Amino acid sequence: MKVIESITGMKQARWGLSGPVGLVPTMGYLHEGHISLVRRAKKENPSVVVSIFVNPTQFGPKEDFKKYPRDLPRDLALLEQAGTDVVFIPPDAEMYPSDYNTWVDMEKITGRLEGAARPGHFRGVATVCNKLFNIVEPAKAYFGQKDAQQVLVIQKMVKELNMNLEIVVCPIIREPDGLAMSSRNTYLKPDERQAATVLYRSLQLAQKLYDDGERDAGKIRRQMTALIQKEPLAHIEYISIADAANLEEQDKIVTPALVSMVVKIGLPRLLDNIILK
Ligand code: PAF
């Protein structure tokens, strides 16, 4: 496994790799969710590149950029074990030199949910993914369904900018008690970690109500809210039931519908979702 720390180095190494390349973009502090993306990329491509870059432009001024968890030696060991060919760790100053000026700004879909809660977030995500795609030139790039809106944003950018790659979306990987894996779960104290199971429980409740024939999104949202409010450490930021293709909120559920939520427990904003089909 090669570890490359410059854009020029990555571009050179790219041409030494055999066949089409699968790219897994990450911000490091890897967990089983990331590794599942690497394994899938490995199955589908002769060569796999994983990028580790804590992208400053997708964090708001009051967010956790400086404190974002980092553990490079552990990440490298996990990636080596998973069969990664190249790990690309670009420096901030190369990705965003002081006179940096070019952004991917998307409308509509980035104004809702996470985009509304974190102004500028998707501008940073779309820009850095665009840069990584240009540097690595992958045939496929792998993203987790946990960041459902991010997946839609990237898919739309790739389609609308006529980019030559396929976006592969992989399922959410959960802890045995249902909590979706996330690097930010590390912020949770033991009692908060226990409380965090309420997210998946409320999504399971939504699925059950839907399976029993409920189609009124407001009623489902109210029952999810009531369940989460029984957990004193949990603070709901939003619960959304929306068209899975464009994130427009629904009153009557028409599938596929994305049920997504952010609940704050202690420090972290925890995200989770399911798709009702
Ligand atoms: O999902 C993430 O870890 C990040 O948003 C990504 C896609 C690596 C871009 O920085």
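FYI, it's all coordinate maths here, none of it is from the lab. Everything quoted here is computed from the prediction, not taken from an experiment. Reconstructed Cβ throughout: ideal geometry from the backbone, glycine too, with neighbour counts over all protein chains shown.
Here are the numbers:
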| read-out | value |
| --- | --- |
| Those residues of region 203-246 whose amide nitrogen sits under 14 Å from the label point placed on Asp191, 7 Å along Cα→Cβ | 231-234 |
| Three-way shape label, region 213-255, alpha-carbon gyration tensor, a/c 1.5 | oblate |
| Residues Leu247, Leu227 arranged by fewest to most Cβ contacts within 10 Å | Leu227, Leu247 |
| Karplus-derived 3J(HN,Hα), 6.51/-1.76/1.60, for each residue of region 254-270, Hz, glycine and proline x | 10, 8, x, 10, 9, 9, 10, 8, 10, 10, 8, 10, x, 6, x, 8, 9 |
| Part-to-part distance (alpha-carbon centres) for region 6-80 and region 222-277, which is given in Å | 28 Å |
| Reachable lysines from Lys252, criterion Cα separation under 23 angstrom, eight or more residues apart if same chain | Lys108, Lys208, Lys219, Lys277 |
| Å³ per residue enclosed by the Cα convex hull of region 81-145 | 141 Å³ |
| Label point distance in nm, Ala77-Asn164, each placed 7 Å from Cα along Cα→Cβ | 4.0 nm |
| Top positive-direction residue, dipole computed over the chain with Cβ charges, set Gly178, Ala116, Leu30 | Gly178 |
| Cα gyration tensor shape of region 45-86, rounded if a/c is under 1.5, else prolate or oblate by comparing a/b with b/c | oblate |
| Spin-label proximity, Ser6 to region 80-95 - amide N less than 18 Å from point 7 Å beyond Cα toward beta carbon | 87-95 |
| Label-point gap, in nm, between Thr255 and Asn134 - each point 7 angstrom along Cα→Cβ | 4.1 nm |
| Label-point separation, Ala226 to Lys277 (7 Å along Cα→Cβ), nm | 3.0 nm |
| Computed Rg/Rh of region 155-277, alpha carbon atoms with Kirkwood Rh | 1.01 |
| Overall form of region 1-40 per C-alpha gyration tensor (a/c, 1.5; a/b vs b/c) | oblate |
| Using alpha carbons only: equivalent-ellipsoid semi-axes of region 1-87, gyration tensor based, whole Å | 23, 15, 11 |
| Cross-link reach list, lysines versus Lys189, counting only Cα pairs under 27 Å and skipping chain neighbours closer than eight places | Lys62, Lys66, Lys67, Lys146, Lys230, Lys264 |
| Quarter of the Cα convex hull surface for region 56-114, i.e. its orientation-mean projected area (nm²) | 6.5 nm² |
| Mean Cα-pair separation over length for region 16-59, i.e. relative contact order, pairs under 8 Å, 6 or more apart, % | 53 percent |
| For the chain, Kirkwood radius (reciprocal of mean inverse C-alpha pair distance, Å) | 19.6 Å |
| In Hz, Karplus ³J(HN,Hα) per residue of region 114-131 (6.51, -1.76, 1.60; θ = phi - 60°; x = Gly, Pro) | 4, x, 6, 6, 10, x, x, 4, 6, 4, x, 5, 5, 5, 5, 5, 4, 5 |
